[in-house]
Every structure is written in structure tokens, then in C-alpha cells.
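Just below is one structure, and these are the notes that go with it.
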Amino acid sequence: MSSMILVVDDSATIRHQVRTCLQDAGHTVIEAENGALGLQKAKDYPIDMAIVDVNMPVMNGLEMLANLRNIPGKESIPVFVLTTE
């Protein structure tokens with residue numbers, strides 16, 4: 001079963017690695033380079049899951065997740081937090 005997964009990380013290298021693995025497994029990947037853009041893409045696309053970095057510019061991952069939980073219909077989307085810390 002294919003899912004639409006949002007990958008939010010300020011590192012282009014990490015986004016590329018995660019995208020490649022997910023696409024190879026048959027999933028559709030949407031990317032954003034910071035929490036603010038990730039939040040907007042979460043609003044714009046019917047995502048099934050999000051993979052989010054913690055430390056990012058503009059809006060960090062924890063702020064993004066707090067805002068994501070306030071969007072009707074997005075409150076229970078599974079989230080995987082990924083960080084290089």
C-alpha cells in the first residue's frame with residue numbers, strides 16, 4: 001500500500017536519503033526544508049505520515065508538530081521525529 005509521506009528537514013542530503021528509501025518502497029514523498037513550509041504542505045496535501053527533523057530554521061520540528069495537531073483532520077497523523085543530534 002502506497003502512502004503519501006511528508007519529509008521535513010533543513011538538510012537536503014537527509015531529505016534525499018529519506019526520499020530515496022521511501023520512494024524505493026513505493027511511497028509518494030513531499031518535501032519541505034523547514035517547519036513553516038512543512039506545515040503549509042501538510043495543509044495542502046493529503047499526507048498519511050510525517051517525518052520531521054527537530055532543529056530547523058524558521059519553525060522547528062516541535063513547533064511544527066504542535067501546529068499540525070491543531071489542523072482539522074490532521075490531529076492524528078503519525079509522526080516520526082528524525083534528528084542528527
task: Would you work out which of I5, N60, N70 lies farthest towards the positive end of the dipole of the chain, given +1 charges on the beta-carbon of Lys and Arg and -1 on that of Asp and Glu, about the Cα centre?
output: N70
- line: Looks like the chain, by Cα gyration tensor root eigenvalues a ≥ b ≥ c and the a/c under 1.5 rounded cutoff (else prolate when a/b is bigger than b/c, oblate otherwise), is oblate
field: Packing rank of 54-65, 72-83, 11-22, where each peptide gets the mean count of other beta carbons within 10 Å, highest leading
entry: 54-65, 11-22, 72-83
- line: Projected onto the charge dipole of the chain (unit charges on the beta-carbon of Lys, Arg, Asp and Glu, signs +1, +1, -1, -1), the Cα from I47, Q17, F80 with the largest positive-side position is that of I47
message: Can you compute 3J(HN,Hα) from phi for each residue in the stretch 60-76, using the Karplus curve 6.51 cos²θ - 1.76 cosθ + 1.60 with θ = phi - 60°, rounded to whole Hz and x for Gly and Pro?
response: 6, x, 5, 5, 4, 5, 4, 5, 4, 5, 9, 8, x, x, 10, 4, 10
task: Calculate what fraction, in whole %, of the accessible area of the stretch 1-83 sits on carbon and sulfur atoms when a 1.4 Å probe is rolled over the protein chains.
output: 55
- prompt: What size of dipole, in debye to the nearest 20, comes out for the chain about its Cα centre when the only charges are +1 on Lys and Arg C-beta atoms and -1 on Asp and Glu C-beta atoms?
  reply: 220
query: Counting only residues 5 or more places away or on other chains, whose amide H sits under 5 Å from the amide H of E31 once H atoms are built in the peptide plane?
result: V7
field: the stretch 23-40 - phi-based ³J(HN,Hα) in whole Hz, Karplus 6.51/-1.76/1.60, Gly and Pro as x
entry: 5, 4, 8, x, 8, 8, 10, 10, 10, 8, 9, 7, x, 5, 5, x, 4, 5
query: Under a 1.4 Å probe, what is the accessible area of the chain per residue, stated in Å²?
result: 56
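The values are calculated or read from the model by the stated rules, or taken from the named source; none is laboratory data. Fair warning: this is a prediction, and the values are worked out from it, not measured in the lab. Because the Cβ atoms are built from the backbone with ideal geometry, glycine has one as well, and the counts that use them run over all protein chains shown. Ligands, DNA and RNA are stripped out before the accessible areas are found, and what is left, the full protein with its side chains, is counted by its heavy atoms. Shrake-Rupley method; radii C 1.70, N 1.55, O 1.52, S 1.80 Å.
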